Each structure stands twice: as structure tokens, then as C-alpha cells.
Amino acid sequence: MMNENVKTIMTTDLITVKPTTKLSSVRKIFMSHKIHHLPVMDNGKLVGLVTTYDMWKNEIAPSNYATQEVSSVMTTSLAKIGPRDKIGTAAELFLDNRFHALPVVNEHDHLVGIVTSFDILLYQFKKAYPNPILYKNLYEKNQVNLTPA
């Protein structure tokens, strides 16, 4: 059931930040886009991932976000996955490592997307409930297409 490729559920319209981006900007992105993970790029290369959890665990006061850079809190040791890897592989990595986002990179190690635990949850939910009532607006708003390719 989770044998489809990650590329069928990954987000490809990515928002990225630089290591020098201030945390105040990151916070605005998180809030305005309702996301929790941002790839960190430097000269076109993926160098890290910054999350809402990173901001919390480093105990940086919001009053200091304007002076703190992403590089001071981002995670640089990243697990990555390929677009042809299976959704089940991503789920296993999430369960085994207890993180919630994986950068998706191609064979040249270029960032092509991101997959989150929420993407997998939504994928499974859509399989079980193809005609949701309560969450219909979420599917339409995000234009989620979870039909296997």
C-alpha cells in the first residue's frame, strides 16, 4: 500500500532560506505558509534544514530572532531520500528516527522536493477516505492529488 514513489506525494514548490537568513524571517514564513520545515540552501546546494523544533529546542527568545541566523540552529546532518524511493521507506525513516521531514534529492544530490510525515498521513487518510467530508476544503485548498500515478 505504501509502494508508490515518494515523488507522488512530495512537495516540489519549495520555499528555501539561506544560512544567513534571520530567524525573524523564518518565523514569518512558518506562520504565513503554515509549514514547519525549510530547506537551507547555499549557492544552490542543500546545506541544512531548519524547523520550528530547531527554534524551540535552542531556547532562542523570540526577541532575539532579528539578530540570530538560520546557521545557528539548522540541522546539517540530514537523512535524504530519492524521488523513486517508496513512501513506506520515508515512513520507516520517520518512525525510526522520530523526525518529520526528508529532503528529496535526485541522483546528482540536487534538491527536488520535500516529504513530511504529514504528507504520508494525508496520503493514507485519502486512501481510506476517498471522499472526505470534514477535510474536503484542505484537499481543495492544497490541491492535493493522492491518486497513485
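The values are calculated or read from the model by the stated rules, or taken from the named source; none is laboratory data. From a predicted model like this one, the values you see are computed outputs, not experimental measurements. For neighbour counting, all protein chains shown are included, and Cβ atoms are generated from backbone atoms with ideal geometry for every residue, glycine included.
Assigned to a helix (DSSP H, G or I) and within 26 Å of Met2 (Cβ to Cβ): which single residue out of Leu38, Leu95, Leu102 fits that description?
Of Leu38, Leu95, Leu102, the one residue that is assigned to a helix (DSSP H, G or I) and within 26 Å of Met2 (Cβ to Cβ) is Leu95.
Only residues in the stretch 43-72 that are on the phi < 0 side of the Ramachandran plot count as the first member; pair them with residues that are in a helix (DSSP H, G or I) and not hydrophobic (A, V, I, L, M, F, W, C), Cβ under 6 angstrom, at least 6 apart or cross-chain, and list the lot.
Tyr65/Ser24; Tyr65/Arg27; Ala66/Ser24
Among Thr67, Thr16, Thr20, which is modelled with pLDDT of 95 or more and under 15 Å from the mean Cα position of the chain (by Cα)?
Unique residue meeting the criteria: Thr16.
Output the residues belonging to the stretch 52-71 that are within 19 Å of Ala101 (Cβ to Cβ) and of a type outside the set (D, E, K, R).
Thr52, Tyr53, Met55, Trp56, Asn58, Val70, Ser71
Looking only at residues in the stretch 2-42 that are in contact with a helix residue (DSSP H, G or I) (Cβ under 9 Å, 6 or more places away or on another chain) and either among the hydroxyl-bearing types (Ser, Thr, Tyr) or on the phi > 0 side of the Ramachandran plot (or both), which one is surrounded by the fewest Cβ atoms within 10 Å (Cβ to Cβ)?
Thr20
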